[in-house]
1. Using amide H atoms built 1.01 Å from N in the peptide plane, name the residues 5+ places from ASN195, or on other chains, whose amide H lies under 5 Å from its own.
2. For the pair PHE135/ASP229, report the inter-label distance in nm, with labels modelled 7 Å from Cα in the Cβ direction.
3. For the stretch 1-137, with the dipole built from +1 on Lys and Arg beta-carbon atoms and -1 on Asp and Glu ones, taken about the Cα centre, which of SER60, PRO127, ILE73 lies farthest toward the positive end?
4. Give me the net charge of LEU30's neighbourhood, meaning all other residues with Cβ under 13 Å from the Cβ of LEU30; Lys, Arg count +1, Asp, Glu -1.
5. Enter the Cα centre distance for the pair the stretch 154-170 and the stretch 47-106, rounded to the nearest angstrom.
6. What dipole magnitude, in Debye to the nearest 20, does the stretch 102-168 give about its Cα centre under +1 on Lys/Arg Cβ and -1 on Asp/Glu Cβ?
7. Among residues other than HIS140 whose Cβ falls under 9 Å from its Cβ, what is the net charge (Lys/Arg +1, Asp/Glu -1)?
8. Contact order normalised by length for the stretch 75-188, with contacts defined as Cα pairs under 8 Å and 6 or more residues apart; what percent is it?
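Computed from the coordinates by the stated procedures, all read-outs in this text should not be read as laboratory data. Here the structure is a predicted model, which is why all the values come from computation and not from measurement. Methodologically, a virtual Cβ is constructed for each residue, glycine included, from the backbone with ideal geometry; neighbour enumeration extends over all protein chains shown.
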Amino acid sequence: MTENTAPLVSVVIPTYNHARFLDSALQSVLDQTYTHWEAIIIDNHSTDNTDEVMASFTDSRFTYIKIHNNGVIAASRNAGIRAAKGEFIAFLDSDDIWLPRKLEIQLKYFESNKELLLVGTNCSTFPCGISNELFIFKNHILSFEKLLKNTKGIITSSVLMKREVVDYVGFFDEDKRLIAVEDFDYWLRLLKYKNNSILVIKQSLVKYRLHSQNISSQLNSKNNLSAYDKLLIIYEKHRNHTVRYIIFITENIENLKATLYLKELYFRKKITIKFLFQNEEISLKSKCTIVAKDIVWKFLRFIHF
């Protein structure tokens with residue numbers, strides 16, 4: 001495949017006050033072994049030195065756009081998609097990093113399977129963390145039902161998808177009620193258009209950066225409750241897609257609600273571990289997951305703060 005025949009990949013990179021991370025993210029795009037790409041950086045009018053960082057990157061493949069997204073990252077991603085010229089679209093959050101062969105490896109999967117619309121990858125966390133963030137050990141195809149049961153089955157910074165998706169599915173939903181879950185909604189919409197068209201590969205080709213802002217947001221108990229409310233909106237939005245989906249919602253929604261509520265109480269030290277495990281509303285697996293996450297996040301906060 002020559003430069004003239006290779007498909008163009010458009011990389012959409014939303015950013016806001018991430019100047020201290022942006023340099024590494026952009027350098028990871030420059031370091032790609034696959035070189036026929038353009039990168040569109042959508043800046044939500046950052047107030048740090050993002051302009052200076054961008055000025056240091058003179059490669060003509062970079063395009064720098066400023067918008068006011070009103071706190072909706074979906075608006076930034078959509079602006080990047082509208083500016084994209086490529087046959088493929090990739091997403092990279094400005095605090096994450098790609099490994100050098102990411103695009104090359106993903107494009108080979110598209111070449112070998114014409115039915116695919118999206119290829120995602122596993123990821124690792126850094127500066128210290130786990131190398132198999134998704135806990136997957138083999139490549140797997142996602143269906144609508146499988147993704148529904150695993151809301152974190154796709155890492156947005158790992159996504160490479162065909163432009164065809166936008167043509168038929170449209171853009172990310174900019175409804176403010178879906179902030180932080182608009183990507184999950186989009187992948188579901190893609191699978192409604194063409195089921196079993198998403199491949200997630202076991203290789204960790206993305207490095208997800210742990211830092212004070214994203215750790216704090218995940219530790220915030222209010223976010224946990226709002227995540228439940230947002231999932232309810234998505235569930236309602238897609239309720240009529242399949243009979244199996246309706247059954248899944250009916251069987252699992254009360255457990256999900258109880259789990260998030262008890263998780264909030266446990267994280268805020270309103271209940272003890274003994275009370276948690278005596279509770280009969282949620283499964284043993286859910287109880288163990290709550291305790292394990294509490295231990296992990298305490299450890300991460302100890303490291304970073």
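1. HN-HN under 5 Å from ASN195: empty list.
2. Simple spin-label model gives 2.8 nm for this pair.
3. About the Cα centre, the residue reaching furthest to the positive side is ILE73.
4. With Lys, Arg at +1 and Asp, Glu at -1, the net is -2.
5. 15
6. 120
7. +3
8. Relative CO of the stretch 75-188 lands at 36 percent.
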